[in-house]
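To start, the structure under review is shown below, and the notes come after it.
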Amino acid sequence: MIDKDFSPEEKKATLGLAGVFSLRMLGLFLVLPVLSIYASEFPGATSFLVGLAIGAYGLTQAFLQIPYGLLSDKIGRIPILIFSTVVFILGSLLAAYASNEHNIHLLIVGRLLQGMGAVSSVVIALIADLTRPEIRTRAMATIGASIGMAFAFGMVLGPWIASHFGLGGVFLFTAILALISLPYIIWGIPKPKVIVHHEDAEFTGSYLGDVLRNKNLLKMDFGMFTLHMGLTAVFTAAPLILKKFMNPQDLWKVYLVMFLVGLTFMVPSTIIAEKKGLIKEVKIAAIIILLVSFGLFVKFENSFVPAVIAIIVYFTGFMMLEPIMPSLMSKYANPRTKGTASGVFNTSQFFGAFVGGAVAGYLMKYGIDYVFYFLGVITVLWLLTVLTLQMPEKAKG
């Protein structure tokens with residue numbers, strides 16, 4: 001992603017901010033595959049409270065990422081990054097303490113604080129400050145690739161850390177990762193010569209009406225909401241299914257296979273979608289794969305191998321969708337409103353993460369299969385919206 005078109009300063013800024021962002025996201029991803037297993041054993045922990053603990057970070061992220069970005073226009077990017085990192089560290093330490101004390105309510109508070117460390121909008125604004133418009137898209141792609149790597153490591157590393165050091169150890173490691181990034185944020189990030197508002201990268205309030213009147217963008221927002229709602233819902237329920245058949249310390253093996261299979265399908269499907277102009281077709285195929293996985297979960301929740309196949313199938317569909325969703329969204333937005341469209345799109349993602357955990361936790365008290373019935377219904381609705389999408393000319397072959 002980083003090539004000769006980048007100046008040395010742009011390369012340093014892009015790689016540095018990709019590192020900061022990926023460390024933050026790694027901390028969040030570490031918890032996803034293990035939290036429901038360990039938190040469900042806390043005294044007084046209901047399935048709903050466990051679901052809240054899983055999705056809580058998404059709620060504060062959804063509400064704060066746009067205000068953080070706007071505030072950074074006024075007082076500077078670095079102060080907001082420092083503040084949000086400190087808040088994230090405090091939230092991680094509180095979550096670690098709550099885990100060691102087996103206090104589910106305090107754990108939820110810690111997760112809300114972690115979400116208050118939302119940095120995506122500020123990182124994107126700072127990248128825009130430090131790069132030229134002609135290479136900005138590639139700089140953003142580097143950030144996206146770093147998040148993908150963080151997701152992979154988190155899914156495999158989280159179960160291993162939890163098996164040796166408990167859930168509290170996972171959150172402590174999360175705090176350490178954020179602490180490692182703090183010196184670079186304070187002293188290492190190049191300071192932009194001028195802080196300006198970039199309409200192509202940042203939220204602009206006056207354009208919100210235009211974005212919300214765009215039916216295709218609204219359908220994309222609903223899709224991103226549904227995709228990440230499904231992610232947190234599946235990882236609220238699926239680890240508890242796998243726990244019935246295997247020791248939690250061995251879960252990383254399942255997640256490693258899951259990621260490798262998903263990656264195997266993601267790369268060619270993304271190439272086909274982008275190079276052949278078949279984004280809509282790939283998207284429809286991936287959503288159908290998600291629906292198949294939900295059916296497998298319901299049918300085979302009491303059988304080990306089919307349950308493993310179900311989570312691999314789910315993640316394959318997820319990995320096929322994750323890279324093409326932002327790409328397609330950007331094709332619907334004109335350059336003037338792209339930053340605003342992206343802000344609404346990302347807010348939908350974080351809010352979906354919150355709803356997924358909360359709803360899955362609530363439904364699990366009636367039976368774990370109800371989670372997948374619910375996801376199936378919402379995903380069918382998503383599929384119907386995709387079938388009615390009007391593809392932009394620049395997305396066609």
Problem set entry | Potential extension, residue 309-residue 281 segment - 0.36 nm per residue separation minus Cα distance | 7.7 nm
Seminar exercise, completed: From the Cα centre of segment 8-52 to that of segment 170-213, the distance in Å is 17
For this session: Could you give the size of the charge dipole of segment 254-316 about its Cα centre, using +1 on the Cβ of each K and R and -1 on the Cβ of each D and E, expressed in debye and rounded to the nearest 20?
Result: 180
Seminar exercise, completed: Given a Förster distance of 22 Å, the FRET efficiency implied by the Cβ-Cβ spacing of residue 9 and residue 180, rounded to the nearest 0.05, works out to 0.45
Exercise. Using a ≥ b ≥ c from the Cα gyration tensor of segment 292-377 (square roots of the eigenvalues), is it rounded, prolate or oblate, where a/c under 1.5 gives rounded and otherwise the larger of a/b and b/c decides, a/b for prolate?
Worked result: oblate
Exercise. Based on the Cβ-Cβ distance from residue 249 to residue 132, what FRET efficiency comes out when R0 is 35 Å, to the nearest 0.05?
Worked result: 0.15
Problem set entry | Residues of type aspartates and glutamates that residue 12 reaches as a straight line, Cα spacing below 20 Å, ignoring anything fewer than 8 places off in the same chain | 3, 129, 134
Exercise. Tell me, what HN-Hα J-couplings in whole Hz come from the Karplus equation 6.51 cos²θ - 1.76 cosθ + 1.60 at θ = phi - 60° for each residue of segment 371-386, using x for Gly and Pro?
Worked result: 4, 7, 4, 4, 4, x, 5, 5, 6, 5, 4, 4, 4, 5, 5, 5
Problem set entry | Order of exposure, largest accessible area first, which applies to 68, 373 with probe 1.4 Å | 373, 68
For this session: For segment 250-328, build the charge dipole from Cβ charges (+1 Lys, Arg; -1 Asp, Glu) around the Cα centre, then report which of 272, 295, 309 sits farthest towards its positive end.
Result: 272
Problem set entry | Sites residue 145 and residue 264 - FRET efficiency at Förster radius 25 Å, r taken between beta-carbons, to 0.05 | 0.90
Problem set entry | segment 52-200, dipole about Cα centre (Lys/Arg Cβ +1, Asp/Glu Cβ -1), debye to the nearest 20 | 240
For this session: Give the shape of segment 330-397 as rounded, prolate or oblate, defined through the alpha-carbon gyration tensor: a ≥ b ≥ c are the square roots of its eigenvalues, a/c under 1.5 means rounded, and otherwise the shape is prolate if a/b is larger than b/c and oblate if not.
Result: oblate
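The values are calculated or read from the model by the stated rules, or taken from the named source; none is laboratory data. Model, not experiment: these values are computed from the prediction. Reconstructed Cβ throughout: ideal geometry from the backbone, glycine too, with neighbour counts over all protein chains shown. Calculation scope for accessible area: heavy atoms of the full protein, side chains included, ligands and nucleic acids excluded. Shrake-Rupley method; radii C 1.70, N 1.55, O 1.52, S 1.80 Å.
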